[in-house]
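Colleague: My questions all concern the structure below.
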Amino acid sequence: MTESKLPDFPFCLPSYVAAFDDGQLAQQELKAETRSWRSEGYAKESDVLIFDHHYGVGTHRRCNDDDIDRILAEPPPQVRFVLLLPTVHERIADTVARNPAAAEVLRKNELYDEHVGDPADPENVSWVGDQFNISQRSLFRIVTKYDIAPAACSHIRGQEQIFGSRIQKNQENEITSFEFWYAIRARAYYREVDKDADLKMTIITKYDVASDTTIVLLKYRSFNDLTSKLKRELISKVHELVMQPTTESIASNPFAITLLHFNSTAQWYRRAARDPRDRVRSEEEKAHDQAKGNKNEINAINVRRLHLTMRNLDQDKLQLTFILGVIGRLLSMPEDRDWLYLRVDEEFDRLENQITYFRSSIEDVSNRAQRLLDLLFNLSGQQNARWSEKVGLQAMHESASMRAIAIVSMLFLPGTFVCGILGTNLFSAEESGSGRNLGTRFKVSSQWWILLATMIPLTGLTFIIWVVWRSRTESQITRNIVEENFLSEMFQKDVESGKGPQRRRSLRHPRRFSLIPNSIGFGRFAESHRSPS
């Protein structure tokens, strides 16, 4: 059947109301064209798993287009699951499993089984990414047969995740059917390879009151194949549900038959939260590890990985909050509920408490990661302060040296001037001869040694004075630094012992570095804080 012969969904539905239902949007969502991985392509021939339960008897089968036409013409069973399994966008599980560090995390947290393939992979045809296991023709026939709400099309083929519902009544104001649809996500982040395992579970449920039957459209979609184990776990639970004879007693409650997704999602988050918690704890220990004597604690922590961990934890919190909202909407409120509705409410309440706990646990890990980032900023500031202190000390020493050089230069200026005046009598030039033999004779005074006898000792004395001056200046700088450190330590001890306010007035104006010795004052301060021993 070509696209032109497809049912005119949703305009052909008897329940369609243009004021409420956006038919054009529904057709746009289900069109054959695909422009990105977000909109799956259709299969040429359907290969869909359909699970049926009818009064204690369960069946499951793979159906092609002809099989789907045949079962749609039959009377509906009590419960029917139609499983839509699009292929993933990229297959990376085998590559990730070959990474020793990632493989250890996968095995430890039971998130992946290398012996189990993706159930969405086709068996008889070549693999194509982002493709449904159902043809467009069969999908249109299913949504038309069961009168699925047009608003749910964004969940069937798209990235919509909101909660929606629709109730239909007859002229006597009696409920004839009601349906609800939503999507929840189970996420895990593999830090070693910086990959997400994100499975979106779309559940579209419709209950028909007259026939007491329920149709459930399930869609399990993930970007990569790291969620293969979770997909198989969910399919196995659906199979167990329809094969269990006791399912007959809950078939009339559409809320009960999809509880399996919440429980599996909660357990997936529980296992996925282990690795981020362990990693953040390891980074915290690196920041406080003093045994190795590593003063540069910042380089020991992988800030980029820590940032990615926080980003994924924030996504987990967002998804868990949405799941809690879905559970709140699914809880029934009437007071005339029977035992089954009460049992469903009890199960929803348990799942709500469980997911709330997991969300709190994830928030705790996220807060710890944030505190670790704050600690990194503080350590970075302390390191910058230490470097600034070193630069300041070097500048102070350089300043003292320049001051000494300036003083030496000033001392030399008068002597240089005097030597310039007196030196004119030590050397002279006289003309001698006549005519062609005229020349100039250079004469040195017999007292020339006086210049050397005075210049050399004075130069040596000047250098000695400079060395002594520089030594005294550096010693004073060192004493001032020790004094400032001592004052800071004593103030910190006073604060810890509760005496901080008494000392605060004395430290209100901190001592500045000075080149004038003040060892007496420092000695008295140290003497006043000396221990009684």
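The values are calculated or read from the model by the stated rules, or taken from the named source; none is laboratory data. Note that this is a predicted model, so its numbers are computed, not measured. Here the Cβ is made from the backbone with ideal geometry for all residues, glycine too, and neighbour counts use every protein chain on show.
Colleague: Taking into account only those residues within segment 315-340 that are β-branched (Val, Ile, Thr) and at pLDDT 75 or above, which is farthest from Ile204 (Cα to Cα)?
Modeller: Thr321
Colleague: Does Ile405 qualify as being modelled with pLDDT of 75 or more and either surrounded by 12 or more Cβ atoms within 10 Å (Cβ to Cβ) or outside any helix (DSSP H, G or I) (or both)?
Modeller: Yes: the conditions hold for Ile405.
Colleague: With respect to Thr95, determine if the residue is hydroxyl-bearing (Ser, Thr, Tyr) and loosely packed, with under 15 Cβ neighbours inside 10 Å.
Modeller: yes
Colleague: May I pose another question? Based on this model, can you work out whether Val88 counts as under 24 Å from Arg191 (Cβ atoms), touching a strand residue (DSSP E or B) at 6+ places or on another chain (Cβ under 7 Å), hydrophobic (A, V, I, L, M, F, W, C) and surrounded by 14 or more Cβ atoms within 10 Å (Cβ to Cβ)?
Modeller: yes
Colleague: OK, next. Which residue, of Ser165, Ser177, is surrounded by fewer than 16 Cβ atoms within 10 Å (Cβ to Cβ) and not in a loop (DSSP other than H, G, I, E, B)? Full working, then the answer.
Modeller: Details: Ser177 fails: surrounded by fewer than 16 Cβ atoms within 10 Å (Cβ to Cβ).
Ser165 is the lone residue from the list that is surrounded by fewer than 16 Cβ atoms within 10 Å (Cβ to Cβ) and not in a loop (DSSP other than H, G, I, E, B).
Colleague: Just need a number here: residues in segment 14-26 that are outside any loop (DSSP other than H, G, I, E, B) and either touching a residue at least 40 places away in the same chain (Cβ under 8 Å) or more than 15 Å from Cys153 (Cβ to Cβ) (or both).
Modeller: 3
Colleague: Only residues that are touching a helix residue (DSSP H, G or I) at 6+ places or on another chain (Cβ under 7 Å) and surrounded by 19 or more Cβ atoms within 10 Å (Cβ to Cβ): list them for segment 180-195, please.
Modeller: Listed by number, the residues that qualify are Trp181, Tyr182, Ala183, Ile184, Arg185, Ala186, Arg187, Ala188, Tyr189, Tyr190, Arg191, Lys195.
Colleague: In addition: Does Arg274 qualify as being buried (at least 18 other Cβ atoms within 10 Å of the Cβ), basic (Lys, Arg) and over 19 Å from Val82 (Cβ atoms)? Let's see the steps before the verdict.
Modeller: Numbers: buried (at least 18 other Cβ atoms within 10 Å of the Cβ): no; basic (Lys, Arg): yes; over 19 Å from Val82 (Cβ atoms): yes.
Spelling it out, it is not the case that Arg274 is buried (at least 18 other Cβ atoms within 10 Å of the Cβ), basic (Lys, Arg) and over 19 Å from Val82 (Cβ atoms).
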